[in-house]
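The values are calculated or read from the model by the stated rules, or taken from the named source; none is laboratory data. Predicted model, so just to flag it, every value in this text is computed and none were measured. Note: ideal-geometry Cβ built from the backbone for every residue, glycine included; neighbour counts use all protein chains shown.
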Amino acid sequence: SATKILARQAARESAARTYARHLPIVPVRAQGSWITGADGRDYLDCLSGAGTLALGHNHPAVVAAIRAVLDSGAPLHVLDLATPVKDDFTSALLEVLPAELAADCRIHFAGPTGADAVEAAVKLARTATGRRGVFAFTGAYHGMTAGALALTGANAVRDPAGAGDAYLTRLPFPHPYRCPFGLGGTLGESASAAYVRTLLSDPHSGTAIPAAAVVEPVQGEGGVVPAPDAWLRALRATTAEYGVALIADEVQTGFGRTGALFGVDHAGVVPDIMVLSKAVGGGLPLAVVVYRAGLDRWSEGAHTGTFRGDQLAMAAGAATIRQIAADGLADRAALLGDRLMGRLTGYQARHALLGQIRGRGLMLGMEIVDPTGEPDALGALPAAPATARRLRAELLARGVIAELGGRYGAVLRLLPPLTLGDDEADHLLSVLALALDTVSE
Ligand code: PMP
């Protein structure tokens with residue numbers, strides 16, 4: 001039974017397991033936006049494999065693509081040898097990449113996870129520029145390997161793992177609601193952009209010109225914080241001027257999630273290096289780095305490893321990419337995201353525990369705050385992590401799976417499949433209203 005399986009795994013597995021603690025369900029089947037548990041209950045999946053399942057669970061096109069590889073007798077594992085499956089995946093990817101990048105790029109199959117691709121991107125930028133430094137941003141999340149972790153903004157995530165990087169400079173991400181300079185709105189935004197510029201342009205800044213700047217177009221794990229378009233354009237202009245490789249970590253924002261094919265598209269920015277994972281493998285492990293051909297100056301074997309070309313993942317990924325394009329799912333995410341955002345902000349009037357609500361497309365976050373706390377200089381109330389955990393539990397009790405992230409883990413994050421139906425969105429909203437009522441009592 002579900003209870004037995006949960007108890008047995010809790011007893012046998014490491015103390016580091018996470019999701020399984022917060023979401024005590026035992027998925028046995030899944031279709032579309034829904035997971036069926038061993039308890040026989042259906043759950044609306046607004047986590048979708050941490051944003052991986054753009055098409056939801058077991059989309060027919062993805063299942064058919066995987067089945068076709070299995071039925072064809074193709075090898076499942078041939079390291080990074082050339083195969084028709086890889087060739088097809090690469091063609092599908094090139095069709096959707098920003099045109100300027102697709103026109104003259106190289107693709108590296110970096111490994112099974114997003115963190116692998118982040119590591120590869122930083123190594124590539126360091127090799128290509130001959131410099132060591134990297135600019136990363138407060139609130140950033142780039143993965144759990146030592147290098148990617150060093151780039152991660154949250155001390156609470158980074159410090160226990162002892163990860164550091166002597167060459168790393170952490171800069172304030174433009175977050176108007178939580179501006180480190182105490183400046184709201186576009187003032188904070190331009191202060192952040194000017195700060196980056198000063199570090200590079202002023203010989204007295206004490207900062208060496210870095211190899212790269214790594215940015216999430218919308219911070220995900222950091223609490224769903226979109227980078228303002230003008231700020232991202234300023235970062236692009238400054239990095240270009242000083243020959244710093246701009247690495248866009250599109251692991252979570254890529255492939256329609258934010259209401260555009262890529263997160264950088266909103267600002268019309270083209271990075272030098274793009275890091276892709278999650279949806280790129282259609283639910284199976286795959287991570288890819290795409291970069292301007294001119295950077296391709298690293299030596300053979302510079303980023304290698306055993307799992308660099310999973311055939312099933314590439315087949316699932318190609319099917320997913322094509323389906324997103326064919327069904328216009330980026331536009332669909334934009335529309336549905338706007339609708340959800342409008343309704344969620346409407347809930348603020350009833351529920352004082354709702355702080356800022358942020359996001360883009362179907363990447364949404366609701367800050368859960370303590371309405372009785374002392375607001376900071378910008379009017380932001382203190383985070384209320386215990387309330388956020390209660391909200392997550394109330395949602396799960398009503399059959400909705402959602403996760404927390406952000407500062408103090410007090411941001412409720414919604415990452416439903418891009419195929420979420422209107423009726424499913426309505427269901428989510430009504431369950432959320434009930435859960436908020438319960439937690440507000
Ligand atoms: N970058 C971003 C923006 C992410 O959201 C994540 C995962 N949540 C990663 C990198 C790391 O990917 P992975 O967990 O597959 O290593």
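Brief remarks on what is shown
- Residue tally, condition within 17 Å of the chain's Cα centre (by Cα) and either under 23 Å from Leu200 (Cα atoms) or without any contact (Cβ under 8 Å) to a residue 12 or more places away in the chain (or both), over segment 151-174: 4
- Matching entry among Ala30, Ala68, Ala50 (being within 16 Å of the ligand (Cβ to nearest atom) and of a type in the set (A, V, I, L, M)): Ala50
- Pick from segment 149-158, criterion out of contact with any Asp or Glu (no Cβ under 6 Å at 6 or more places or on another chain) and at pLDDT 85 or above, ranking: surrounded by the fewest Cβ atoms within 10 Å (Cβ to Cβ): Leu149
- Residue match in segment 345-354 (condition: at negative phi, touching a residue at least 12 places away in the same chain (Cβ under 8 Å), among the hydroxyl-bearing types (Ser, Thr, Tyr) and out of contact with any Gly (no Cβ under 8 Å at 6 or more places or on another chain)): yes
- Selection status of Ala326, within 23 Å of Asp422 (Cα to Cα), hydrophobic (A, V, I, L, M, F, W, C) and without any contact (Cβ under 8 Å) to a residue 12 or more places away in the chain: yes
- Residues located in segment 1-31, provided they are β-branched (Val, Ile, Thr) and exposed (fewer than 10 other Cβ atoms within 10 Å of the Cβ): Thr18
- Of all residues making up segment 122-159, the number that are of a type in the set (Gly, Ala, Ser) and either within 11 Å of the ligand (Cβ to nearest atom) or part of a loop (DSSP other than H, G, I, E, B) (or both): 8
- Looking only at segment 1-31, residues that are part of a loop (DSSP other than H, G, I, E, B) and either of a type in the set (Val, Ile, Thr) or farther than 23 Å from Ala388 by Cβ (or both) come to 6 in all.
- Of all residues making up segment 43-82, the number that are surrounded by 14 or more Cβ atoms within 10 Å (Cβ to Cβ) and acidic (Asp, Glu): 2
- The residues on offer are Ala110, Ala117, and the sole one that is within 16 Å of the ligand (Cβ to nearest atom), in a helix (DSSP H, G or I), within 30 Å of Ala146 (Cα to Cα) and in contact (Cβ under 8 Å) with a residue 12 or more places away in the chain is Ala117.
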